[in-house]
Amino acid sequence: MATDVRLKEDLPALTDEIVETYTAVSRMNHLGHCPLPKYEEVVAAIQDLKDIIYPGYRRREGLQIGNVIYHVGNLIDGLHDLLTTQIARALLHEARVERGVDACRNQEDYQAQGQKIAIAFLGRIPALRRRLATDVQAAFEGDPACTGSDEVILCYPGLEAVTVYRLAHELCRLNVPFIPRMMTEWAHRETGIDIHPGAVIGHHFFIDHGTGVVVGETSQIGNHVKLYQGVTLGALSFPTDANGNLIRSMKRHPTLEDRVVVYANATILGGKTVIGHDAVVGSSVWLTHRVEPHTTVTIETPSLRLRPGLGTDIVADANGGLATRESADHLDLGAWI
């Protein structure tokens, strides 16, 4: 394809114009500072961690109980080095941004901190596997269409999101900045499920279908809880201080006690909102207040109108009864509900 070389003469001026914005809009640059955690490396760590937690399901085949120790040992060794570097970078960034420290002069100190945290995190994998085993069990027991744990591990986006959340949450507990959110936002992109790593979630947690689920940072979820697609555990409002800045250290998201079930597209908001144990929240419910234990919450049953042909509506009442009446218009829309 022929090109007009003369058109390229404007490119240096365009380059200058773009670079000028790096000063005018400096919030969107990371220039002249220590490197941030590397996105590709964090994603690689997620994949290696999943390979350890669920061996034989994804990347490496032919594993046996006799040779898996070599495979896991190799992954652990690589994760030690990878996480040490990436956690150190996150600590450097936090020191510079949050505390105004010229941390780049003392990078060795942050590397040592990163190593200690990396080893502590890797030491939590056995307990994480035991916790995730309860999530796999909850998915199998909670979905009659499921054929077994292999299907849950290989296919269910809910388990994928919860796995990454539980890994990221442990890093949160170890006060690692930045990286936990990178991990859960990667899972959000992959699954459509947005779980903040700061949320606290008990064992036997199951998200069925999953698309559009949002679990906010200060949410607290008990044991044996089940959420369906489109559920939001969100903030009721965003309080500000005297200067108009958001107050970030308060509980903004709801609490779900043990054995709560929340059906599709329900929205539960507010840090003081508590859903009591064994309660059921129906589809499309909007809640901003406490629900007592063993309570079922539903919206009023709407009346349905079926239009099978011209001129007549069939109206279904709340009790399922049907009655006919003349339609106000005569559009042939076919049968619909």
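Consider region 74-101. How many of its residues are open to solvent by 30 Å² or more (accessible area, probe 1.4 Å) and either under 29 Å from the mean Cα position of the chain (by Cα) or charged (D, E, K, R) (or both)?
Within region 74-101, residues that are open to solvent by 30 Å² or more (accessible area, probe 1.4 Å) and either under 29 Å from the mean Cα position of the chain (by Cα) or charged (D, E, K, R) (or both) number 14.
Among the residues of region 239-248, is any surrounded by 22 or more Cβ atoms within 10 Å (Cβ to Cβ), under 28 Å from VAL285 (Cβ atoms) and either touching a helix residue (DSSP H, G or I) at 6+ places or on another chain (Cβ under 7 Å) or not charged (D, E, K, R) (or both)?
No, region 239-248 contains no residue that is surrounded by 22 or more Cβ atoms within 10 Å (Cβ to Cβ), under 28 Å from VAL285 (Cβ atoms) and either touching a helix residue (DSSP H, G or I) at 6+ places or on another chain (Cβ under 7 Å) or not charged (D, E, K, R) (or both).
Evaluate the following for HIS203: is it in a loop (DSSP other than H, G, I, E, B), in contact with a helix residue (DSSP H, G or I) (Cβ under 9 Å, 6 or more places away or on another chain) and of a type outside the set (Gly, Ala, Ser)?
It is true that HIS203 is in a loop (DSSP other than H, G, I, E, B), in contact with a helix residue (DSSP H, G or I) (Cβ under 9 Å, 6 or more places away or on another chain) and of a type outside the set (Gly, Ala, Ser).
Looking at region 119-175, which of its residues are farther than 14 Å from HIS203 by Cβ, open to solvent by less than 30 Å² (accessible area, probe 1.4 Å) and in contact (Cβ under 8 Å) with a residue 40 or more places away in the chain?
Within region 119-175, PHE121, LEU122, ILE125, ASP143, ILE153, GLY158, ALA161, VAL164, LEU167, GLU170, LEU171 qualify.
Those residues that are outside any helix (DSSP H, G or I) and either small (Gly, Ala, Ser) or surrounded by 10 or more Cβ atoms within 10 Å (Cβ to Cβ) (or both), I need them from region 1-41; list them, please.
Selection gives ALA2, ASN29, HIS30, GLY32, HIS33, CYS34, PRO35, LEU36, PRO37, LYS38.
Which of the residues that make up region 178-200 are in a strand (DSSP E or B) and not charged (D, E, K, R)?
Listed by number, the residues that qualify are ILE195, VAL200.
Quick check on region 173-184. Is at least one of its residues in contact with a strand residue (DSSP E or B) (Cβ under 9 Å, 6 or more places away or on another chain) and modelled with pLDDT of 95 or more?
yes
Do we find a residue being touching a Ser or Thr at 6+ places or on another chain (Cβ under 9 Å), of a type in the set (A, V, I, L, M) and open to solvent by less than 80 Å² (accessible area, probe 1.4 Å) anywhere in region 216-231?
Yes, that holds for at least one residue.
The values are calculated or read from the model by the stated rules, or taken from the named source; none is laboratory data. Quick caveat: nothing in here was measured; it's all calculated off a predicted structure. Ideal geometry is used to build each Cβ from the backbone, glycine not excepted, and the neighbour counts take in all protein chains shown. Areas reflect the complete protein model, heavy atoms only, side chains present, ligands, DNA and RNA absent. Shrake-Rupley method; radii C 1.70, N 1.55, O 1.52, S 1.80 Å.
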